[in-house]
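Only one structure is covered here, and it is reproduced in the block below.
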There are 2 protein chains.
Amino acid sequence: MTESAGAAGTGRDAEAVSRFVESFAAQLVEAGMQRMAARVFAALLASDSGAMTSAELGEQLQVSPAAVSGAVRYLAQVHMVSREREPGSRRERYRVHSDQWYEALTNRDAILKRWEQTLREGVDSLGATSPGGQRIAETLAFFEYLEGELTKLMDRWREHRDKTFGRG
Amino acid sequence: MTESAGAAGTGRDAEAVSRFVESFAAQLVEAGMQRMAARVFAALLASDSGAMTSAELGEQLQVSPAAVSGAVRYLAQVHMVSREREPGSRRERYRVHSDQWYEALTNRDAILKRWEQTLREGVDSLGATSPGGQRIAETLAFFEYLEGELTKLMDRWREHRDKTFGRG
DNA sequence: CGTTGTCTTCAGAAATTTGTGAAGTTAAGG
DNA sequence: CCTTAACTTCACAAATTTCTGAAGACAACG
């Protein structure tokens, strides 16, 4: 864990940070996230304070302000970062929360709801007694079950986390 | 639920089926799945027997055999369909199982494992005591917790499903 | 062992997505 | 108010993804 050239005095090994950011982002991309959004999110996750300005992000990731803007808009929409206006400044900071994954999963819940609606319509229009309708109904039942269980699971996680990491 | 022209005698409203297939596929695409894979999967889900041949899929979705081939290869890789050789024929059938989502989630588990590995490396190289390292460690803890809970959740689902739908 | 039906692979065309530079908008600070 | 820093929007270029037609491979059937 020695510091690479260029990171002198920062207390952080910029190269190690970048390596982590790029590998984790790549995996998020593989899972379906937009590339730039994934890179921004990973950079925030690895940052000291959990928050960075547009300029900082642009410099670390070597991209234009426009790219940062687009990525941040997406991440805010899916509740994976929040925006903060620095009081007495025209800069904005983008932040990951410690209960970030709680937020993200909660949002996932809304998506599940839309899926369920589509599945319900499918059951209706194919007929609940047709073989296809039955298969879709079982899928629907699974999602409904999952939705309820995920809520409980997240509650348990928060409790578990507080015990493990202290109120954070 | 009247039959549209062209579906006469099939006992299925082709237009209604297609409408469901395309809406559900669109939502899967939104969630990150490849378009053609999503359409094939939705078509199988809505089919009578839960299985279709390449030719049937090509005709219903109006795409080439090559496109079906690519989609099916992907779906098989992520365990969302299985392939069956029809005995005494050179045709293959592609099938969705009733415990399809169990399979899919189990596969998701493998992805989680890879994420965890990357996060562990991140904690190591940033240092477990650095602020960024701590944040990543908390993310790692969440995924580890999630992994264990998902396993239990899926077991409970199977039990719940058997009670609700009878042994499937 | 040749014929034929079925699936796969591959090169390339088409469509989509992604990121940039430049112009536009907003609000802080003088 | 005027200036200016910071973010956003937009049109376009580049890269990537997706699908097709054609050729190839494989296995069933005669």
Q: Test A:Ala110 against the criterion of being open to solvent by 40 Å² or more (accessible area, probe 1.4 Å), in the same structural domain as A:Thr151 (by TED's automatic domain parsing) and among the small types (Gly, Ala, Ser), and give yes or no.
A: yes
Q.
For region B:7-66: of the residues being under 19 Å from the mean Cα position of the chain (by Cα) and in a loop (DSSP other than H, G, I, E, B), which is nearest to the other protein chains (Cβ to nearest Cβ)?
A. B:Gly32
Q | Search result, residues across region B:67-88 that are in a helix (DSSP H, G or I) and either more than 14 Å from every other protein chain (Cβ to nearest Cβ) or away from DNA strand D (no atom under 12 Å from the Cβ) (or both) | A | B:Ala67, B:Val68, B:Ser69, B:Gly70, B:Ala71, B:Val72, B:Arg73, B:Leu75, B:Ala76, B:Gln77
Q) Here are some conditions: (1) part of a helix (DSSP H, G or I); (2) at pLDDT 90 or above; (3) open to solvent by less than 70 Å² (accessible area, probe 1.4 Å); (4) among the hydroxyl-bearing types (Ser, Thr, Tyr). A:Tyr102 meets all but one. Which one does it not meet? A) (2)
(Q) Restricting to region A:89-98, and then to whatever is open to solvent by 50 Å² or more (accessible area, probe 1.4 Å) and more than 8 Å from DNA strand D (Cβ to nearest atom), can you tell me which residue is nearest to A:Ser54 (Cα to Cα)? (A) A:Arg95
(Q) Looking only at region B:51-63, how many residues end up being within 14 Å of B:Val17 (Cβ to Cβ) and surrounded by fewer than 18 Cβ atoms within 10 Å (Cβ to Cβ)? (A) 3
Q.
Looking at the structure I just gave you, is B:Ala26 among the aliphatic types (A, V, I, L, M) and away from DNA strand D (no atom under 16 Å from the Cβ)?
A. no
**Q.** Test: A:Ala66 is assigned by TED's automatic domain parsing to the domain that holds A:Ser47 and surrounded by 13 or more Cβ atoms within 10 Å (Cβ to Cβ)
**A.** no
Q | Residue check for B:Lys152: over 21 Å from the mean Cα position of the chain (by Cα), over 22 Å from A:Phe41 (Cα atoms) and not small (Gly, Ala, Ser) | A | no
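The values are calculated or read from the model by the stated rules, or taken from the named source; none is laboratory data. Since this is a predicted model, take the numbers as computed values, not measurements. A quick note on method: Cβ atoms are made from the backbone with ideal geometry, for glycine too, and the neighbour counts reach across all protein chains shown. Quick note on the areas: whole protein, heavy atoms, side chains included, nothing else; ligands and nucleic acids left out. Shrake-Rupley method; radii C 1.70, N 1.55, O 1.52, S 1.80 Å.
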